[in-house]
1. Going by accessible area, probe 1.4 Å, with all protein chains left in place, what is the ranking of Asp65, Asp117, Asp95, largest first?
2. Give, to the nearest whole percent, the P(r) tail of segment 38-134 beyond 21 angstrom, counting all Cα pairs.
3. Take the solvent-accessible surface of the protein heavy atoms, probe 1.4 Å, and return the percent of it on the chain that carbon and sulfur atoms account for.
4. Can you tell me what percent of all Cα-Cα pairs in segment 10-92 are more than 16 Å apart?
5. Which one, Val11, Val96, Val42, has the greatest fluctuation when you compute a Gaussian network model over the chain with C-alpha springs under 10 angstrom?
6. For the chain, what does -39500 (n - 2.57) per DSSP helix run (n ≥ 4), summed and divided by total residues, give at 222 nm, in deg cm²/dmol to the nearest 500?
7. Ignoring everything but the protein chains, give the 1.4 Å probe accessible area of Tyr113 in square angstrom, nearest 10.
Amino acid sequence: MRKEKICSFYVSDFHLITILLPYINEKILEEKEIITILQNDVSKSIKRYLKSVKNLNIEKERILDIGWKEIKKMKNLKFEEKIIIISGEESFVKDVNEEIEKNVTSSEILNCYKICDTEDISRISLDYSIILNTSGKMNLKQNSQDEQKIRTIQSQT
């Protein structure tokens, strides 16, 4: 596992859960260890979501065991070779990343930003090459407007 950073954007707890569940389930099936570092407790929301949404083909118990409460201390957590999900406002995500990056050389970090202003998405996503949304992971360069223009021009020549 190399160091990989992915971003995601959400507007509510349920939106965050909808984005994360397929990704987390995939990583659980791959037997990867997942750590969540959350600014806010979403444990009630995840339980309610899993209870109310029927026909989900996911590892519900293992997903619930990950830990969905806010984290106050990171001192005893070991991050190497793990999937690290960080969720919260931009300043929180930035502070946690600075702390983790001091000691981690190999991990997959998913930074989930709570968004209040859509202009923040454009600015924040400049630092990433991969975004996770409800459709899964996408390469940001492939979906940029410039890249789409280039493909359109190439297809017309």
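The values are calculated or read from the model by the stated rules, or taken from the named source; none is laboratory data. Since this is a predicted model, take the numbers as computed values, not measurements. These area figures cover heavy atoms from the full protein model, side chains too; ligands, DNA and RNA do not enter into them. Shrake-Rupley method; radii C 1.70, N 1.55, O 1.52, S 1.80 Å.
1. Accessible-area ranking of Asp65, Asp117, Asp95, largest first: Asp65, Asp95, Asp117.
2. Details: 1958 of 4656 pairs.
Within segment 38-134, distances greater than 21 Å cover 42 percent of Cα pairs.
3. Carbon-and-sulfur percentage of accessible area, whole number: 47.
4. Tail of P(r) above 16 Å: 51 percent of Cα pairs.
5. Greatest mean-square fluctuation among the candidates belongs to Val11.
6. Theoretical 222 nm ellipticity from helices: -12000 deg cm²/dmol.
7. Surface open to solvent at Tyr113 totals about 20 Å².
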